[in-house]
Amino acid sequence: MKKFSLIIIYIIGFFFLSILPLQAEQSDNYQENLKKWQQMTPEEREKIKERFHEWKKLPDNEKAALSKNYQRYKALPPEDREKIKNRYTKFKQLPPEEKQKIIKNYKRWKSLPPQKKQEIREQYRQQRQMPPRHRQKR
């Protein structure tokens, strides 16, 4: 659970780190990002600094995986990114038992062979096409 939570935190942290200047030659972005940084509260700045220090401590392979996920996230249409942010907000508001249940199910899903995942997706798709009164409850 802790690793999953860290991954979520780092993805969100990456989101916030994107407002920091990445390269000095990006002067237009630099000025814009500097303005955003200056408008942040000291608490917001401190959170970003803490996440950056945590980021620096990560092994290179985890940094690479998180960077790849962040790039995929940034490539999504704005409405999809908004859905992800909303889901994350809802997840954070869940009681700890519910979070653990979701994480456990996610880990179980990730460990399934691709064929089994495809079977489950197909069953779900078929069930969604049925009228509500005929659907099986899970």
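The values are calculated or read from the model by the stated rules, or taken from the named source; none is laboratory data. Only a predicted model underlies this, so the values are computations on that prediction, with no experimental measurement involved. Methodologically, a virtual Cβ is constructed for each residue, glycine included, from the backbone with ideal geometry; neighbour enumeration extends over all protein chains shown.
Miscellaneous remarks
- Lys110 vs. criteria assigned to a helix (DSSP H, G or I), out of contact with any Lys or Arg (no Cβ under 8 Å at 6 or more places or on another chain) and at pLDDT 90 or above: no
- Every condition in (1) in the same structural domain as Leu34 (by TED's automatic domain parsing); (2) modelled with pLDDT of 90 or more; (3) of a type outside the set (Val, Ile, Thr) holds for Lys101 except the one numbered (1).
- Taking the criterion of being of a type in the set (Ser, Thr, Tyr) and exposed (fewer than 12 other Cβ atoms within 10 Å of the Cβ), the residues of the range 27-44 that qualify are Ser27, Thr41.
- If you check Glu79, Glu97, Glu119 for being surrounded by 12 or more Cβ atoms within 10 Å (Cβ to Cβ), in a helix (DSSP H, G or I) and out of contact with any helix residue (DSSP H, G or I) (no Cβ under 9 Å at 6 or more places or on another chain), only one passes: Glu119.
- Of all residues in the range 83-97, exactly one satisfies the criterion of being closer than 12 Å to Tyr73 by Cβ and hydrophobic (A, V, I, L, M, F, W, C), namely Ile84.
- All positions within the range 45-76 that are within 23 Å of Asn86 (Cβ to Cβ) and surrounded by 12 or more Cβ atoms within 10 Å (Cβ to Cβ): Lys47, Ile48, Arg51, Leu66, Asn69, Tyr70, Tyr73, Leu76
- Options Lys63, Lys74: the member that is out of contact with any His (no Cβ under 6 Å at 6 or more places or on another chain) and free of Cβ contacts under 8 Å to residues at least 24 places away in the same chain: Lys63
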